[in-house]
Amino acid sequence: MANKIYLDNNATTKVDEEVFKVMEPYFKEEYGNPSSSYSIGRNVKEEVTKARNNVAKMLGADPKDIIFTSCGSESNVTAIMNAVRNNPDKKHVITTKVEHASIMETMRYLEKNGYKVTYVGVDSLGRLNMDELKNSITEDTCLITVMYANNELGNVYPINEISKIAHEKNIYFHVDAVQAAGKIKIDVKDLDVDSLSISGHKINAPKGIGVLYIKDSSKFIPLVFGHQEDNRRGGTENTAYIIGLGKAAEMINDDNFSKEKEVEALRNYMEEEIKKNIEDIRIYGDLDNRTPNTSSIAFKGVKADELMLLLESFNVFVSTGSACNSVISLPSYVLAACKADLNNYSPIRISLGKYNTKEEIDEFVKILSNAVNTLRRK
Ligand code: PLP
């Protein structure tokens, strides 16, 4: 079997060796509880503090505004429930048609509980309809929640502009930045957001660790009550994972996006090679305003799920959309929102990471051309 070629880094990323190395002692030797007052607890607490500082630096935040959670989904749900519970008289929320399931499912819950939710649409390139967003604001709006970068298309949304619109009307603004972290610069103060989520496993830290940035903790209502995280998220800290995430953040801070520039060059090279080798393709999304690693590509007449399976038989891993969608094989609601012609052009999502090489991409393009030809001949 040929070497594995993993091209699904928006689903998850490999844990960096350096990240793994700093985590290891916290399972075996340094297993103290950071809340304990004796030394083996205090030492761990110090490392958790360092991790918090590194994460804060990555987001341009104050360390005191960083809350560690179990994942990006928990961060999103916590932020939304905090915003609506803090403003119980207002019953209208604005989001978009292209958010992650953790946002969408929370919206469904709110709808069942008396809230009206506006799902702002997108155009054929997946760009937000900003007029619709502005016009849907009412006296009753208590929250706007918009993702920074889309997981399927890579589209980057105008968070600055939306935060101005929200704050002019005194509306809470949450941002799901899970797909933006590590790929594009995030500065919560420049962006002027009220809260923002990220997830460890998208930035070469482990699965099961997330971060919620909260601007104003004075009014914060936790989802998980308890004393940890300054009374904002109960549960003994997941110390090894927090420390691993801190290392991943430190690496991003030190690298200052130079790796992402390489990833972008490789993604662009890959798209050019695909164009040269395969006829009749379509690349979805806002091509000039995407995260550097993502490519949503369709090959006329080829069904994405068949292509994905055929590629897997060559040890090549891509997806047909978000990881959650592809497991249950639903048509992509993101592409449906773009009114994509999915009968003729159903895309695979290729998302590169810092470990992909030019050799892998050359090999991938060969395998892909053969696979597309095979399926077109069927
Ligand atoms: N938000 C977006 C845009 C995502 O792509 C994901 C994961 O795929 C999440 C949130 C959820 O993150 P986690 O898997 O850490 O819960």
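Quick check on Ile144: is it crowded, with 24+ Cβ neighbours inside 10 Å and touching a Ser or Thr at 6+ places or on another chain (Cβ under 9 Å)?
Working: crowded, with 24+ Cβ neighbours inside 10 Å: yes; touching a Ser or Thr at 6+ places or on another chain (Cβ under 9 Å): yes.
Yes.
Does Ile214 qualify as being in contact (Cβ under 8 Å) with a residue 60 or more places away in the chain, in the same structural domain as Arg127 (by TED's automatic domain parsing) and out of contact with any strand residue (DSSP E or B) (no Cβ under 8 Å at 6 or more places or on another chain)? Step through it out loud before you land on a result.
Values: in contact (Cβ under 8 Å) with a residue 60 or more places away in the chain: yes; in the same structural domain as Arg127 (by TED's automatic domain parsing): yes; out of contact with any strand residue (DSSP E or B) (no Cβ under 8 Å at 6 or more places or on another chain): no.
Spelling it out, it is not the case that Ile214 is in contact (Cβ under 8 Å) with a residue 60 or more places away in the chain, in the same structural domain as Arg127 (by TED's automatic domain parsing) and out of contact with any strand residue (DSSP E or B) (no Cβ under 8 Å at 6 or more places or on another chain).
Residues are listed down the side, and each one gets a yes or a no for (1) modelled with pLDDT of 95 or more; (2) open to solvent by 10 Å² or more (accessible area, probe 1.4 Å); (3) within 14 Å of the ligand (Cβ to nearest atom):
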{"position": "Asp89", "(1), (2), (3)": "yes, yes, no"}
{"position": "His92", "(1), (2), (3)": "yes, no, no"}
{"position": "Glu99", "(1), (2), (3)": "yes, no, yes"}
{"position": "Ile103", "(1), (2), (3)": "yes, no, yes"}
{"position": "Tyr148", "(1), (2), (3)": "yes, yes, yes"}
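Is segment 68-76 home to any residue that is open to solvent by 70 Å² or more (accessible area, probe 1.4 Å) and in the same structural domain as Ser199 (by TED's automatic domain parsing)? Reasoning before the result, please.
Step one: list which residues in segment 68-76 are open to solvent by 70 Å² or more (accessible area, probe 1.4 Å), which gives none.
There is no residue in segment 68-76 that is open to solvent by 70 Å² or more (accessible area, probe 1.4 Å) and in the same structural domain as Ser199 (by TED's automatic domain parsing).
Please enumerate the residues belonging to segment 28-62 that are of a type in the set (A, V, I, L, M) and within 19 Å of Ile203 (Cα to Cα).
Step one: filter segment 28-62 for residues of a type in the set (A, V, I, L, M), giving 40, 44, 48, 51, 55-56, 58-59, 61.
Residues satisfying the conditions are Val48, Ala51, Val55, Ala56, Met58, Leu59, Ala61.
Residue by residue, here is whether (1) open to solvent by less than 40 Å² (accessible area, probe 1.4 Å); (2) over 19 Å from Ser197 (Cβ atoms); (3) among the polar types (S, T, N, Q); (4) modelled with pLDDT under 95 holds:
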| residue | (1), (2), (3), (4) |
| --- | --- |
| Ile221 | no, no, no, no |
| Gly226 | yes, yes, no, no |
| Glu250 | no, yes, no, no |
| Glu271 | yes, yes, no, no |
| Ile297 | yes, yes, no, no |
| Cys324 | no, no, no, yes |
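The rows are residues; the columns are (1) away from the ligand (no atom under 16 Å from the Cβ); (2) in a strand (DSSP E or B); (3) crowded, with 23+ Cβ neighbours inside 10 Å.
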| residue | (1), (2), (3) |
| --- | --- |
| Glu152 | no, no, yes |
| Glu161 | yes, no, no |
| Ala166 | yes, no, yes |
| Gln179 | no, no, yes |
| Lys185 | yes, no, no |
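So which residues in segment 129-141 are of a type outside the set (Ser, Thr, Tyr) and open to solvent by 20 Å² or more (accessible area, probe 1.4 Å), if there are any at all? It would help to see each step written out before you state the result.
Step one: filter segment 129-141 for residues of a type outside the set (Ser, Thr, Tyr), giving 129-135, 137, 139-140.
Asn129, Met130, Asp131, Glu132, Lys134, Asn135, Ile137, Glu139, Asp140 - these are the residues of segment 129-141 that are of a type outside the set (Ser, Thr, Tyr) and open to solvent by 20 Å² or more (accessible area, probe 1.4 Å).
Can you tell me which of (1) within 16 Å of the ligand (Cβ to nearest atom); (2) in contact with a strand residue (DSSP E or B) (Cβ under 9 Å, 6 or more places away or on another chain); (3) open to solvent by 20 Å² or more (accessible area, probe 1.4 Å); (4) part of a loop (DSSP other than H, G, I, E, B) is the one Val15 doesn't meet?
Going through the list (1) within 16 Å of the ligand (Cβ to nearest atom); (2) in contact with a strand residue (DSSP E or B) (Cβ under 9 Å, 6 or more places away or on another chain); (3) open to solvent by 20 Å² or more (accessible area, probe 1.4 Å); (4) part of a loop (DSSP other than H, G, I, E, B), Val15 breaks only (2).
Do we have Glu229 as away from the ligand (no atom under 13 Å from the Cβ), touching a residue at least 60 places away in the same chain (Cβ under 8 Å) and not basic (Lys, Arg) here? Don't jump to the end; show me each part of the working.
Working: away from the ligand (no atom under 13 Å from the Cβ): yes; touching a residue at least 60 places away in the same chain (Cβ under 8 Å): yes; not basic (Lys, Arg): yes.
Yes, satisfied.
For segment 50-58, indicate whether the set of residues that are of a type outside the set (Gly, Ala, Ser) and over 22 Å from the mean Cα position of the chain (by Cα) is non-empty. Before you say what the answer is, go through the steps one by one.
Within segment 50-58, the first condition is being of a type outside the set (Gly, Ala, Ser), and the residues that meet it are 50, 52-55, 57-58.
Next, from what is left, pick out any that are over 22 Å from the mean Cα position of the chain (by Cα): 50.
Yes - at least one qualifying residue is present in segment 50-58.
Just one of Tyr119, Tyr6 is of a type in the set (Phe, Trp, Tyr), within 16 Å of the ligand (Cβ to nearest atom) and closer than 30 Å to Val365 by Cβ; which is it?
On the way: Tyr119 fails: closer than 30 Å to Val365 by Cβ.
So the residue among Tyr119, Tyr6 that is of a type in the set (Phe, Trp, Tyr), within 16 Å of the ligand (Cβ to nearest atom) and closer than 30 Å to Val365 by Cβ is Tyr6.
Report, by residue number, each residue of segment 28-41 that is assigned to a helix (DSSP H, G or I) and loosely packed, with under 13 Cβ neighbours inside 10 Å. Give the derivation first.
So the first thing to find is which residues in segment 28-41 are assigned to a helix (DSSP H, G or I), and the list is 28, 39-41.
If the condition is that a residue be assigned to a helix (DSSP H, G or I) and loosely packed, with under 13 Cβ neighbours inside 10 Å, then Lys28, Ser39 are the ones that fit.
Pairs under 8 Å by beta carbon, first residue touching a residue at least 60 places away in the same chain (Cβ under 8 Å) and not assigned by TED's automatic domain parsing to the domain that holds Asn356 in segment 14-33, partner of a type in the set (Asp, Glu) and open to solvent by 80 Å² or more (accessible area, probe 1.4 Å), six or more apart or different chains?
Every condition considered, no pair remains.
Can you tell me which residue is farthest from Ser295 (Cα to Cα) among those in segment 1-12 that are under 26 Å from the mean Cα position of the chain (by Cα) and part of a loop (DSSP other than H, G, I, E, B)?
Initial filter on segment 1-12 (under 26 Å from the mean Cα position of the chain (by Cα)): 4-12.
Imposing the further condition that a residue be part of a loop (DSSP other than H, G, I, E, B) reduces the set to 4, 7, 9-12.
Working: Lys4: 19, Leu7: 10, Asn9: 11, Asn10: 10, Ala11: 13, Thr12: 15 Å.
Once the filter is applied, the top-ranked residue is Lys4.
Looking at Gly285, Gly226, Gly234, Gly246, which one is within 22 Å of the chain's Cα centre (by Cα) and in the same structural domain as Tyr157 (by TED's automatic domain parsing)?
Numbers: Gly285 fails: in the same structural domain as Tyr157 (by TED's automatic domain parsing); Gly226 fails: within 22 Å of the chain's Cα centre (by Cα); Gly234 fails: within 22 Å of the chain's Cα centre (by Cα).
Of Gly285, Gly226, Gly234, Gly246, the one residue that is within 22 Å of the chain's Cα centre (by Cα) and in the same structural domain as Tyr157 (by TED's automatic domain parsing) is Gly246.
The values are calculated or read from the model by the stated rules, or taken from the named source; none is laboratory data. Here the structure is a predicted model, which means the values were calculated and not measured. In this analysis, Cβ positions are derived from the backbone assuming ideal geometry, glycine residues included, and neighbour counts consider all displayed protein chains. Areas reflect the complete protein model, heavy atoms only, side chains present, ligands, DNA and RNA absent. Shrake-Rupley method; radii C 1.70, N 1.55, O 1.52, S 1.80 Å.
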